[in-house]
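Engineer: Before I ask anything, here is the structure I am working with.
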Amino acid sequence: MNSVIVTGGAGFIGSALVRALLASGVERVVTLDRLTYAGTLDNLAELASDPRHVFAKLDIADGEGVSALLRTYAPRAVLHLAAESHVDRSIDAPATFAVTNTLGTVHLLDRVLAWWRTLPSGAQSAFRFVHVSTDEVYGSLGPSGAFTEASPYAPNSPYAASKAAADHFVRAFHRTYGLPVVTTNCCNNYGPRQHPEKLLPRMILRALHGGALPVYGDGANVREWLWVEDHCAGLIAALERGRVGEVYAFGGGEERTTLEVVHAVCDAVCELADPETPPRDRVRLVSDRPGHDRRYALDSSRARAELGWAPRVRFADGLRRTVTWYLANPEWVARVSGGA
């Protein structure tokens, strides 16, 4: 069958990718997820009765389990998204991020390589390991310019360092063993089903329910934003048309300071929900995060030229859709926030 495995497929980006792959015509998607606090089957509830979707509760470091899954479903690709992803948490627990993001990726690569070596030559050539990374591996930019796929790595947070190390291992498995890999780096994703610890849902929920809206430092740190479904379209394009051993950057092309993002959230919540107190009045600047990168931006020209990819959803439209989703799904928020 035309099968693929998605690691971390019960998370925010992973679950969106699972749905996009099935919509694109993939015959079977196997979701591999350990179901930590950030991964929930609620994100895949609509696929519970879909025979094209298989869920496996599994750690990417479980070598025997991963090998069994590969033998059972013989995928034409593994799309690797499983990761600890929240920078604040990485500052508090860097070893956890090294274990999951770096060592977990090495364990996964090791088992994928062993299985891949058993395939006929044609199947080996057709197989892809798509590794999903972040713009944070490149460090911090000044007020102008953008990172490219050739930018040197300079990670500044434990999260970024753990992802950078994973990227290097993916490259090494291609260069040393010939495993057919494609690596992608993306900017900040946003949309429905993002864990409430992240900036947009956190601010949406605080704007709705009261309390201060804390913003690090002077609020002038700049990020580029990408609608999650646009990112998934890029990942599918990288799977189908990406060159083996290549890296592709996916940026949304829309940069915002943190304060601009928070103010936009406040305005959208006011328009759609009419909270009791104007949320802009509750924005508070707080002590900056250690190692807080000033600016990220990605040059996506290679992805546009080689993959025919481009973002479609503008930030203002995507933000409104995101706020609308959180307004309509308080039960999801309660379950995820409570760890259910």
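Read-outs throughout are calculated quantities, based only on the coordinates presented, and are distinct from any laboratory measurement. Model, not experiment: these values are computed from the prediction. All Cβ positions, glycine included, derive from the backbone under ideal geometry; neighbour counts span all protein chains shown.
Engineer: Return the percentage of antiparallel bridges among DSSP beta bridges fully within the chain, rounded to the nearest 5 %. Intermediate values should be presented prior to the final figure.
Structural biologist: Working: 3 of 40 bridges.
The answer is about 10 percent antiparallel.
Engineer: Separate question: Exposure proxy check: His168, His131 ranked by fewest other beta carbons within 10 Å?
Structural biologist: Sorted ascending by nearby Cβ count, the order is His168, His131.
Engineer: In nanometres, what is the gap between the two model label sites at Ser49 and Tyr37, each 7 Å from Cα along Cα-to-Cβ?
Structural biologist: With each label placed 7 Å out from Cα toward Cβ, I get 3.4 nm.
Engineer: If you take every DSSP beta bridge whose two residues both sit in region 197-322, what share of them, in percent to the nearest 5, is antiparallel?
Structural biologist: Of those bridges, close to 40 percent are antiparallel.
Engineer: Expected output is a single nm value to one decimal: the length gained when fully extending between His292 and Tyr153, i.e. 0.36 nm times separation in residues minus the C-alpha distance. What is it?
Structural biologist: Here the segment from His292 to Tyr153 would lengthen by 48.4 nm.
Engineer: With the cut-off at 1.5 for a/c, could you classify region 75-166 from its C-alpha gyration tensor as rounded, prolate or oblate?
Structural biologist: Working: a/c = 3.33, a/b = 1.63, b/c = 2.04.
It is oblate, given that a/c is not under 1.5 and a/b is not larger than b/c.
Engineer: How do Cys187, Cys270 rank when sorted from fewest to most other Cβ atoms within 10 Å of their own Cβ?
Structural biologist: So the ranking, lowest neighbour count to highest, is Cys270, Cys187.
Engineer: Using a 7 Å offset from the Cα along the Cα-to-Cβ direction at both Val244 and Ser337, what is the distance between the two label points in nm, to one decimal?
Structural biologist: The two pseudo-label positions are separated by 4.9 nm.
Engineer: I would also like to ask the following. Tally the DSSP beta bridges in region 181-261 and give the antiparallel ones as a percent, rounded to 5.
Structural biologist: Working: 3 of 10 bridges.
Beta bridges within region 181-261, antiparallel portion: roughly 30 percent.
Engineer: Turning to a different aspect of this structure: Sorted by packing (mean other beta-carbon atoms within 10 Å per residue), highest first, where do 171-183, 28-40 land?
Structural biologist: Ranked from most to least packed, the peptides come out as 28-40, 171-183.
Engineer: Residue-wise, which Karplus ³J(HN,Hα) couplings in Hz belong to region 84-98, taking 6.51 cos²θ - 1.76 cosθ + 1.60, θ = phi - 60°, and x for glycine or proline?
Structural biologist: 7, 10, 8, 4, 4, 5, 5, 5, 7, 9, x, 5, 4, 6, 5
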